[in-house]
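One structure is given here, and the rest of the page talks about it.
FYI, it's all coordinate maths here, none of it is from the lab. Keep in mind that this is a model prediction, so the values were computed, not measured. Heads up, the Cβs are rebuilt from the backbone with ideal geometry, glycines too, and the neighbour counts pull from every protein chain shown.
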Amino acid sequence: MAAGSLVEKITKLKKERKAVILAHNYQIGEVQDIADYVGDSLGLSIQASKTKAAVIVFCGVHFMAETAAIISPQKKVVVPDVNAGCPMADMITIEGLRKLKAEHPQAKVVCYVNSTAEIKAESDICCTSANSVKVVQSLKNAQEIIFIPDKYLGLYTATKVKGKKFIFWEGYCPTHARILPEHIKAAKKQHPLAKVMVHPECRPETIAEADEVLSTGGMLKFAQESAAQEIIVGTETGIIHRLKKENPNKKFYPADDHAICPNMKKTNLEKVLWSLEDLKTEVTVPKAIADKAKLAIEKMLEIGRQD
Ligand code: 13P
Ligand code: SF4
């Protein structure tokens, strides 16, 4: 079906269903362009908690839709592709987390939102890449922090927080892990006037080459506010669409053309339409887990952004 008629159908059905379309910054351009709101994980969670819509079509990955379902249990949350998961979220098990907690009974558990509802339910507070430092700093009386599941976001956060011991989980994002320092060095050589921004899911050696370490929302803000005319972008390449759209006179270079999250690319316009048509791909979370996970998410939402 032609993209034009798909967009018309989606727009019409969206009204009939009283639906809102939320899309992550890594979604393909066409999906970003039909969304009511495009943002980072924190921004999307805030939108999901505020919307008056009856249905949320969540264009992202599973944990994001699950988070929306937890904070807005009275709304129907559907996903265009039920197989769009996040490998990092699947790198931690509930048994592993419980063992770590038993080994460190005084520690507070800070859980990156890129995790399952079950893991969030077992945690003290959630964070995203836009507020991990602020979240850890909010735990004033905690000497020890169990940071899960992203060891790289954890390591980066630990460099910004004084006086706390961090215990990490061996999880990581396969898409960001492939952005290597040599990619940044080569891009800098090719574009010597460019600023470098990278996501905190990158390796420490990659982060060491950057001028700015930001969530995807932070990157969009930096691109608009900075005087830099050229920016090397160390994150999933889907963000380039919005960076170019919002800054038509600036130049953006992906640090690594291959930094593509296959799960973020599973959503397309046809699947968005189908999910609105049949509303069958609903994401739900058992109440007992959702109630506990909600506490950890709400604590994070009270803290807001750092970038
Ligand atoms: P943010 O958009 O919150 O920075 O997160 C990146 C990410 O990997 C989401 O899966
Ligand atoms: Fe998960 Fe990485 Fe894809 Fe984000 S980019 S959804 S962290 S695999």
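Here are the numbers:
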| read-out | value |
| --- | --- |
| Residues with amide H under 5 Å from that of Ile146, placed H, sequence gap 5 or more | Lys108, Val109, Val110, Ile167 |
| In Å, descending, principal axis extents of the Cα set of region 101-191 | 49, 29, 23 |
| Taking region 30-125 and dividing mean pair separation by its residue count, relative contact order in percent (alpha carbons under 8 Å, at least six apart) | 24 percent |
| Rg [Å, one decimal], Dmax [Å, integer] - region 182-223, C-alpha atoms | 10.2, 26 |
| Under-16-angstrom lysine pairs by C-alpha in region 149-209, whenever the two are 8 or more apart or on separate chains | 4 |
| Residue exposure sequence - Thr11, Thr237, Thr206, Thr116 - by fewest surrounding Cβ within 10 Å | Thr11, Thr237, Thr116, Thr206 |
| Whole-angstrom gap from region 146-179 to region 22-72, using each part's C-alpha centre | 25 Å |
| Within the chain, percent of DSSP bridges classed antiparallel, to nearest 5 | 5 percent |
| Charge dipole magnitude, Cβ of K and R +1, D and E -1 - the chain, Cα centre, debye nearest 20 | 660 debye |
| Within-11-Å neighbourhood charge of Ala89 [Cβ basis; K, R +1; D, E -1] | -3 |
| Peptides 24-32, 283-291 ordered by average Cβ neighbours within 10 Å, highest first | 24-32, 283-291 |
| Dipole magnitude of region 1-119 about its Cα centre (Cβ charges: Lys, Arg +1; Asp, Glu -1), debye to nearest 20 | 560 debye |
| Kyte-Doolittle at least -1.0, axis length at least 27 Å by Cα - qualifying DSSP helices, the chain | none |
| Simple Cβ-charge dipole of region 154-307, Lys/Arg +1 and Asp/Glu -1, about Cα centre, in debye nearest 20 | 300 debye |
